[in-house]
């Protein structure tokens, strides 16, 4: 994650051992009340961006096309148009 320039202060997960061992140096919040919003966001993206689902006709082989599609959807989500 550090190579990608992604930083965060805390991790919200369910009580799965793998998360605790991988993210040891971060504050770890466990519970459904913390992960419900995250799962809701994942569902929104999965429904809004059909190319994120592998078995669709709009799945592109070019990585740049996926990045641009996600950037457009994030723009609309952040400015309240979706």
### Message
Tell me whether the range 37-48 contains one or more residues that are farther than 20 Å from residue 70 by Cα and either part of a loop (DSSP other than H, G, I, E, B) or modelled with pLDDT of 80 or more (or both).
### Response
no
### Message
So residue 70 ticks every box in (1) modelled with pLDDT of 80 or more; (2) touching a helix residue (DSSP H, G or I) at 6+ places or on another chain (Cβ under 7 Å) but one. Which box is left unticked?
### Response
(2)
## Note on the structure
Looking across the range 1-32 at residues that are in a helix (DSSP H, G or I) and over 17 Å from the mean Cα position of the chain (by Cα), the single one that is modelled with the lowest pLDDT is 20
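The values are calculated or read from the model by the stated rules, or taken from the named source; none is laboratory data. The shown structure was predicted, so the numbers you read here are calculated from the model rather than taken from an experiment. Positions of Cβ are backbone-derived with ideal geometry, glycine not excepted, and every protein chain shown enters the neighbour counts.
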